[in-house]
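Worksheet for the structure shown next.
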Amino acid sequence: MQLIDGKAIADQVKKEIAQEVEQIVANGGKRPHLAVIIVGHDGGSETYVAHKVKSCEQVGFTSTRIAFETDITEETLLAEIEKLNNNDDIDGFIVQLPLPKHIDEQKVIEAIDYRKDVDGFHPINVGRTSIGLPSFVSATPMGILELLKRYNIETAGKHCVVIGRSNIVGKPVASLMMQKGYPGDATVTVCHSRTKNLKEICLQADIIIAAIGSPNFVKAEMVKEGAVVIDVGTTRVPNANTKTGFKLTGDVDFENVAPKCSYITPVPGGVGPMTICSLMKNTLLAGKKEIFK
Ligand code: GUN
């Protein structure tokens, strides 16, 4: 069994991005600028946004954090998005999700100019990704593919079982894994809460991508000997023995599944660091106007 070290790969990719940024600046270009909007005080969101801002510093980007209280109106938020859409200094921006219940998330996503949508959540980017056109690919699926690439994991003709059908991970990663070329060319099955015979389907998988947000859902008896297991879960499970009072827990029962795998990602330190690193990559592409002129 080989552990897929997402932290090490993310550090390497960030170094590569930092070098490119210094090249751009040395040639008289502008540092890519990412803005992040956060609404309210969700603990997870605050941590993620702090990591995103710190990563910007590490790679040499300019970053702007824009915080609003939970009771911000949808109208005010949409007006802020419009300002960012029209601000030429901002190359890309994201609105951290989830948003408070009184705000329509989809409306917010669609208000973002797709040319600045470095989260890759806008329907134009989702659609372009799914038909293989240049696009901002959403960060978690992109991070997963980068891990498969960096570890030279074979995907052509492999049976890839995706567990979870979210717009952010399940659907886009399934679409990318079936795309022509590497890392793709896989035969993909998407399982979800209404799937029957989930265990039997998982047992046929050469690659399992678990993205259901249910701690320790994937058990050893669901995994074929030699499978590659990618764990996207990051549930905060209360734990009295940690400083924070919780333990970040994946969708895979790591302790019992790991011995059966050829490769497996840990939680934390697997997919998580790659997600932020993919956001940095998209912001670099936005700064270079490489996807949309
Ligand atoms: N919430 C959880 N993951 C993400 C993400 O990748 N982007 C945004 N904007 N919000 C999130």
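Quick notes on this structure:
- Pairs of C-alpha atoms in the chain farther apart than 27 Å represent 41 percent of all such pairs.
- Residues with amide H under 5 Å from that of V95, placed H, sequence gap 5 or more: I37
- 5 angstrom amide H check on K158, placed H, neighbours 5+ away: T187
- Simple spin-label estimate for Q204 and H102 gives 4.9 nm between the two label positions (7 Å along the Cα-to-Cβ direction from each Cα).
- Against the rule of thumb 2.2 N^0.38 Å, how large the Cα Rg of the stretch 154-230 comes out: 1.01
- Burial order of peptide ranges 88-95, 135-142 (average beta-carbon count within 10 Å, highest first): 135-142, 88-95
- Estimated from helices alone, the mean residue ellipticity of the chain at 222 nm is -12000 deg cm²/dmol (sum of -39500 (n - 2.57) over DSSP H runs with n ≥ 4, per residue).
- Full-extension gain in nm, D11 to D88, via 0.36 nm per residue minus C-alpha separation: 24.8 nm
- R0 of 22 Å, Cβ-Cβ distance S130-K196: FRET efficiency to nearest 0.05: 0.25
- Percent of beta bridges antiparallel (DSSP, the chain, rounded to nearest 5): 10 percent
- Per-q log10 I(q)/I(0), the stretch 1-68, q = 0.26 Å⁻¹ (Debye; single scatterer per alpha-carbon; no solvent): -1.08
- FRET efficiency for R236 and E57, using Cβ-Cβ distance with R0 set to 25 Å, rounded to 0.05: 0.50
- Dividing the convex hull volume of the alpha-carbon atoms in the stretch 1-148 by its residue count gives 133 Å³ per residue.
- Each residue of the stretch 226-235 is assigned a 3J(HN,Hα), and the resulting list reads x, 6, 9, 10, 10, 9, 9, x, 9, 8 Hz, derived from the Karplus form 6.51 cos²θ - 1.76 cosθ + 1.60 (θ = phi - 60°), x at Gly and Pro.
- Couplings for the stretch 16-33, taken from phi via the Karplus curve 6.51 cos²θ - 1.76 cosθ + 1.60 with θ = phi - 60°, read 4, 5, 4, 4, 5, 4, 5, 4, 4, 5, 4, 8, x, x, 9, 5, x, 10 Hz in order; Gly and Pro are left as x.
- In terms of the mean number of neighbouring beta-carbon atoms within 10 Å, the peptides 174-184, 98-108 order highest first as 174-184, 98-108.
- Rounded FRET efficiency, nearest 0.05, which uses the C-beta distance separating S214 from M178 and R0 of 30 Å: 0.80
Read the figures in this text as sums done on the coordinates, not as results from a lab. It should be emphasised that the depicted structure is a prediction, and the values quoted were computed from it without experimental measurement. Counting neighbours? That spans all protein chains shown, and the Cβs are built from the backbone with ideal geometry, glycine included.
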